[in-house]
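**Q** Sharing a structure, written as structure tokens. Questions coming.
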Amino acid sequence: MSDRAESRGRRGRLIDGCITCVDQCGDLLRNMPDEVFASREGGSSSIGAHVRHILDRFHCFFNGIDEGCINFDDRKRGTSVETDVRIAADVLTATRDRFKNLDLDAFNAGISVRELVHFNGEPTIAASTLDRELMGLITHSIHHLAIIAIIARSSSFPVSANLGKAPSTIAAE
């Protein structure tokens, strides 16, 4: 755990968890060719689409804390982030920097969250907290990292044994 996480307690651990997810994406992409990153072989989603989705959720969070309401439907699909490894790596670096510089104490703990939870209806708005939303970002990212690991392994691309594993699983092993 980083010194920042230890010195800032629960919120430091939450930020550190988000940074770890971003770093896992970055480490994976370091030597990945665009063909593997953007491949939709077998009709599945690409690694790039999953990385873009993780980044979109992080960006929704950052936009939402500024506005007082996180809108998880405000995402941009089909961007170059999901087809170009270099662009994705740059966005990951920028996202990591935002988390490193994030001072959660500068924001109200309570926040609204807006998201379409059923395709036939209006978005749902619910009360939440910044801490809970950070926890959600971490678990959601780990879920997508697990899918990314499956896709990468099916392409014979080397993947860390811990990619996509829950922290509680790693701690128990």
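The values are calculated or read from the model by the stated rules, or taken from the named source; none is laboratory data. As the structure is a computational prediction, the values presented were derived from the model and not from experiment. FYI the Cβ positions are ideal-geometry reconstructions off the backbone, even for glycines, and counts take in every protein chain you see.
**Q** Inside the stretch 28-50, can you point out the residues that are among the polar types (S, T, N, Q) and more than 15 Å from ILE87 (Cβ to Cβ)? Walk me through how you get there before you give the answer.
**A** First, the residues of the stretch 28-50 that are among the polar types (S, T, N, Q): 31, 39, 44-46.
Matches in the stretch 28-50: ASN31, SER39, SER44, SER45.
**Q** With the requirement that a residue be in a helix (DSSP H, G or I) and over 18 Å from the mean Cα position of the chain (by Cα), what does the stretch 28-37 give you? Outline the logic, then answer.
**A** So the first thing to find is which residues in the stretch 28-37 are in a helix (DSSP H, G or I), and the list is 28-29, 34-37.
Residues satisfying the conditions are ASP34, GLU35, VAL36.
**Q** Oh, and also: Which of (1) in contact with a helix residue (DSSP H, G or I) (Cβ under 8 Å, 6 or more places away or on another chain); (2) farther than 19 Å from SER154 by Cα; (3) touching a residue at least 12 places away in the same chain (Cβ under 8 Å); (4) of a type outside the set (Gly, Ala, Ser) does ILE47 not meet, given it meets every other one?
**A** The number of the failed condition is (2).
**Q** Considering only the stretch 115-128, I want to know if a residue exists there that is in contact with a Leu (Cβ under 6 Å, 6 or more places away or on another chain), farther than 24 Å from GLY26 by Cβ and either in a helix (DSSP H, G or I) or at pLDDT 90 or above (or both). Can you show your working first?
**A** Within the stretch 115-128, the subset in contact with a Leu (Cβ under 6 Å, 6 or more places away or on another chain) is 123.
Add one more test, that the residue is farther than 24 Å from GLY26 by Cβ, and what stays is 123.
Remaining after also requiring either in a helix (DSSP H, G or I) or at pLDDT 90 or above (or both): 123.
Yes - at least one qualifying residue is present in the stretch 115-128.
**Q** One residue is enough: does the stretch 25-38 have a residue meeting the conditions under 18 Å from ILE147 (Cβ atoms) and in contact with a Lys or Arg (Cβ under 7 Å, 6 or more places away or on another chain)? Walk me through how you get there before you give the answer.
**A** Quick first cut of the stretch 25-38, residues under 18 Å from ILE147 (Cβ atoms) only: 25-29, 32, 36-38.
When the remaining residues are screened for being in contact with a Lys or Arg (Cβ under 7 Å, 6 or more places away or on another chain), the result is none.
Checked against the condition, which is being under 18 Å from ILE147 (Cβ atoms) and in contact with a Lys or Arg (Cβ under 7 Å, 6 or more places away or on another chain), the stretch 25-38 yields no hits at all.
**Q** Exactly one condition in (1) among the small types (Gly, Ala, Ser); (2) surrounded by 13 or more Cβ atoms within 10 Å (Cβ to Cβ); (3) free of Cβ contacts under 8 Å to residues at least 12 places away in the same chain is not met by ALA161; state its number.
**A** Going through the list (1) among the small types (Gly, Ala, Ser); (2) surrounded by 13 or more Cβ atoms within 10 Å (Cβ to Cβ); (3) free of Cβ contacts under 8 Å to residues at least 12 places away in the same chain, ALA161 breaks only (2).
**Q** Kindly provide the set of residues from the stretch 70-89 that are under 20 Å from SER128 (Cα atoms) and crowded, with 16+ Cβ neighbours inside 10 Å, ordered by number.
**A** Passing the criteria: ILE70, ASN71, PHE72.
**Q** Which pairs turn up if I take residues in the stretch 96-122 that are under 20 Å from LEU14 (Cβ atoms) and look for partners that are assigned to a helix (DSSP H, G or I) and of a type in the set (D, E, K, R) with beta carbon separation below 6 Å, at least 6 apart in sequence or on another chain?
**A** Close Cβ pairs satisfying both conditions: LEU104/ARG11.
**Q** Quickly run through the stretch 69-112 and pick out the residues that are assigned to a loop (DSSP other than H, G, I, E, B) and under 14 Å from the mean Cα position of the chain (by Cα).
**A** Keep residues of the stretch 69-112 that are assigned to a loop (DSSP other than H, G, I, E, B), which gives 72-79, 83-84, 101-103, 107-109.
Those that are assigned to a loop (DSSP other than H, G, I, E, B) and under 14 Å from the mean Cα position of the chain (by Cα): PHE72, ARG75.
**Q** Something else now. Quickly run through the stretch 97-107 and pick out the residues that are out of contact with any Cys (no Cβ under 6 Å at 6 or more places or on another chain) and crowded, with 19+ Cβ neighbours inside 10 Å. Reasoning before the result, please.
**A** Narrowing the stretch 97-107 to residues out of contact with any Cys (no Cβ under 6 Å at 6 or more places or on another chain): 97-98, 100-107.
Correct list: LEU102 only.
**Q** Just give me the residues in the stretch 64-94 being within 17 Å of SER141 (Cβ to Cβ) and of a type outside the set (A, V, I, L, M, F, W, C), in sequence order.
**A** GLY64, ARG75, GLU82, THR93
**Q** Okay, next question. Determine if the stretch 145-155 includes at least one residue that is among the charged types (D, E, K, R), farther than 30 Å from GLU41 by Cβ and out of contact with any Asp or Glu (no Cβ under 6 Å at 6 or more places or on another chain). Break it down stepwise before answering.
**A** Taking the stretch 145-155 and keeping what is among the charged types (D, E, K, R), we get 153.
This time we only want the ones that are farther than 30 Å from GLU41 by Cβ, so: none.
No, the stretch 145-155 contains no residue that is among the charged types (D, E, K, R), farther than 30 Å from GLU41 by Cβ and out of contact with any Asp or Glu (no Cβ under 6 Å at 6 or more places or on another chain).
**Q** So, of the residues in the stretch 149-158 that are within 20 Å of the chain's Cα centre (by Cα) and farther than 11 Å from VAL36 by Cα, which turns out to be surrounded by the fewest Cβ atoms within 10 Å (Cβ to Cβ)?
**A** If we take residues in the stretch 149-158 being within 20 Å of the chain's Cα centre (by Cα) and farther than 11 Å from VAL36 by Cα, then ILE150 is surrounded by the fewest Cβ atoms within 10 Å (Cβ to Cβ).
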